[in-house]
1. Can you give me the number of residues within the stretch B:55-94 that are within 11 Å of chain C (Cβ to nearest Cβ) and surrounded by 14 or more Cβ atoms within 10 Å (Cβ to Cβ)?
2. Among A:Ile52, A:Ile28, A:Ile38, which is the only one that is within 20 Å of A:Ile210 (Cβ to Cβ), in contact (Cβ under 8 Å) with a residue 24 or more places away in the chain and in a strand (DSSP E or B)?
3. How about the stretch B:104-117: which of its residues are under 30 Å from A:Arg78 (Cα atoms) and touching a Lys or Arg at 6+ places or on another chain (Cβ under 9 Å)?
4. Name every residue in the stretch A:204-226 that is in contact (Cβ under 8 Å) with a residue 60 or more places away in the chain and not in a strand (DSSP E or B), in order of residue number.
5. Identify the single condition in (1) under 11 Å from C:Glu115 (Cα atoms); (2) surrounded by fewer than 18 Cβ atoms within 10 Å (Cβ to Cβ) that C:Tyr74 does not satisfy, given that it satisfies every other one.
6. If A:Leu244 satisfies all but one of (1) over 24 Å from B:Glu122 (Cβ atoms); (2) touching a strand residue (DSSP E or B) at 6+ places or on another chain (Cβ under 9 Å); (3) not in a helix (DSSP H, G or I), what's the number of the condition it fails?
7. Suppose the filter is facing chain C (nearest Cβ under 9 Å), closer than 22 Å to C:Thr57 by Cα and without any contact (Cβ under 8 Å) to a residue 60 or more places away in the chain; does B:Leu202 pass it?
8. For the stretch A:101-123, which residues satisfy the criterion of being part of a loop (DSSP other than H, G, I, E, B) and at the interface with chain B (Cβ under 7 Å from one of its Cβ atoms)?
Amino acid sequence: MPDSPVARSVEIEKMSKWFGDFQVLSDIDLSVKQGERIVVCGPSGSGKSTMIRCINGLEAFQNGKITVNGVELAQKSRVLEAVRKNVGMVFQQFNLFPHLTVLQNCTLALTWVHKTPRAEAERIARRYLEKVRIPEQAGKYPGQLSGGQQQRVAIARSLCLRPSVMLFDEPTSSLDPEMVKEVLDTMADLAQDGMTIICVTHEMGFARRIADRVIFMDQGRIIEEAPPSIFFENPREARTRRFLEQVLH
Amino acid sequence: MELMIAYTREILGGLSTTLSLFLVSLVIGFILAAAMAFIQIRFPGHISKSVWNLMFCIRGVPMLLVLYIIYYGLPLLPIVRETFLWAVFSSPFWCTIICLAIVEMAFTSEIMRGAYFQTPKEQIEAARSLGLNGFQTFRAAIFPAMIRNGFAAYTTEVILLCKSTALAFTVTVMDVMGFANEIRSRTLDIYEPLLIAGFIYLCITITTRLALSWIFSLISVAGSARAEAL
Amino acid sequence: MLNYLEQGWGHQFVKAFGMSFSIAIISFVLSIIIGIGATLLASSRIRFAAAIVKFYTYLFRSLPGILLLLLIFYTADSLIQSLVKFLTGTSDASVSPVVPAVLSTSIVLGAYATELFKAGWADISAGQHEAGRALGFTRFQSLALIILPQIYRKVLPHLGSLWLISMKETALLSIIGIPDIVRIASLGARSTGAPFTFYGIAIAIFIAFAFASSRVFSYLEGRSRRSMGAI
């Protein structure tokens, strides 16, 4: 993978996006170094999910530019497929393939996209299932697992492709409260290993614990970005303070 | 009792015709339906709209009329009567097959189209974000979702097709219903031949339902055979 | 084509359409009544009722329509004839074959209607039944005021296709000799030697009818969605 001199992993410059006449993102600037851990928060409808979905091209944008590992994003299938090989994504609803077993979910892209031999792909998949601590579920179907387990499989499925960046789109929002912790712990493990992470979440405790920088968005703009110590103790903007008051209780 | 056995034997003479009507038109209809659904999905706009309208029209017409216009109408066209097509359209058997396949196409293409557009967006995004290309996304996410969404409706449609084959006797095809009807008009016994034929159709539709649910179990969620195919 | 219509066939087609349409609409209404009745029966506490309803729908969805029509038509016909004979005491009383014809299509379509209403009934959550009882409605009130309106909204799109099936089902009656659209088209085709024209006219009538019906039903659907609020 091309290492740019400053080891920038994701670079968003002056990015704007409209749904019809409605501007959902305005002049987003964000630069993420390799190994950095970013938490994005903000009220619903602030455009935070849309922003990270732009990073792997699930959403097209109209203005500005996004560079991922030195490759400039464009809505061309060759570029998108190349970028997506380096970017893992975990969704709110897990989005596992229900007709495939846990192991097959993990090996699918390895064998089809990366042309890894089957035995090798299964070895890799089992290694990552072990990493998310559910190796014993490999033969089951997603429908047989709890939400927390499914989300950990989804994380393992992305990790199998050994991405350089992981995107998390509200990974714990549709989980029962007792399962949130197991998923957050898995993500914290990843952070420990030096994975570049961009995570949209409302889990402020998690942000405090692992983030290098917290980003607050509202109405399609980045309002504030700061290390968690400053962000939580001494936010600069009134809007940030209001938001924090609401989510911290 | 002896009469019943004699009738049964006579009516069973039409079984192979009924089964061939059913299975041949099922296969042709499925292929045509897949083509029509593909056109409607791949070419949105005018092409898609006009194909949909054509399918809607066919669905609105009684099968009997489709059968009559193919069997009685088409042979009047010189292009049918004076070319190789005559070999096909002079046979009531093949006219029925064409009619059944056309009607099957109209209904099944709509099931396929509906199932395609019911695929959850999230499944497609998951496949895309793993780097799968268009065809791989179809195979991994869309096709399985289509099976999940459309199989029940397709089963109903297959049963309808099977039952529709019974109209073949109106253009002189001697299938199960054809023999039953022949006995009815020859002997004026109404109930015996019709009940025997009904029992035979019941056996066919029950077998068909079992076969389809077996196929579904092979290719859907719980099936490990599907896993090997990947 | 126009001169055929002028030779009296136009008039014939209008009459035939009236015949098909009225048989379709009566059968449609009767089949809905059968459907609602069978659904209530299946969910009642009467023993074996659910099994009998299930047997009825399974059997009728598994047998060819034409076969069922012939069976029911001849049974109903002879029953009605003997009933009339019994009531009037004369042996030459005859009843129009339209009556057994309508009965047979209604019973066949009733099986489909029953499936629809049973599915709609199953979709109504137990909470709705309980809420009705908790508010002090009688069983009948809760059925009429709470359950049926919700089922109506759920089955309306399917009733649209049931209506189209009813209209198409009348075509089978031509085989028994009822002078419907298909029958007239066949007669015309045979006597003039112009099958394309006559079957073409019949097909055009059905297509126009299908488009008109789908308009009506999408209007009804829109109205029911507005009145209930989009969910």
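1. 20
2. A:Ile38
3. Initially, the stretch B:104-117 is screened for residues under 30 Å from A:Arg78 (Cα atoms), giving B:112-117.
Once the filter is applied, which keeps residues that are under 30 Å from A:Arg78 (Cα atoms) and touching a Lys or Arg at 6+ places or on another chain (Cβ under 9 Å), the stretch B:104-117 yields only B:Ala115.
4. Of everything in the stretch A:204-226, those that are in contact (Cβ under 8 Å) with a residue 60 or more places away in the chain and not in a strand (DSSP E or B) turn out to be A:Met204, A:Phe206, A:Ala207, A:Ile210, A:Ala211, A:Asp212, A:Gln219, A:Gly220.
5. Looking at each condition in turn, C:Tyr74 falls short on (1).
6. Only one criterion in (1) over 24 Å from B:Glu122 (Cβ atoms); (2) touching a strand residue (DSSP E or B) at 6+ places or on another chain (Cβ under 9 Å); (3) not in a helix (DSSP H, G or I) is unmet by A:Leu244, namely (3).
7. Working: facing chain C (nearest Cβ under 9 Å): yes; closer than 22 Å to C:Thr57 by Cα: yes; without any contact (Cβ under 8 Å) to a residue 60 or more places away in the chain: yes.
Against the criterion (facing chain C (nearest Cβ under 9 Å), closer than 22 Å to C:Thr57 by Cα and without any contact (Cβ under 8 Å) to a residue 60 or more places away in the chain), B:Leu202 qualifies.
8. Once the filter is applied, which keeps residues that are part of a loop (DSSP other than H, G, I, E, B) and at the interface with chain B (Cβ under 7 Å from one of its Cβ atoms), the stretch A:101-123 yields A:Thr101, A:Val113.
The values are calculated or read from the model by the stated rules, or taken from the named source; none is laboratory data. Bear in mind that the values here come from a model prediction, so they are computed numbers and not experimental data. Cβ sites come from the backbone with ideal geometry, for glycine too, and all protein chains shown count toward neighbours. Ligands, DNA and RNA are stripped out before the accessible areas are found, and what is left, the full protein with its side chains, is counted by its heavy atoms. Shrake-Rupley method; radii C 1.70, N 1.55, O 1.52, S 1.80 Å.
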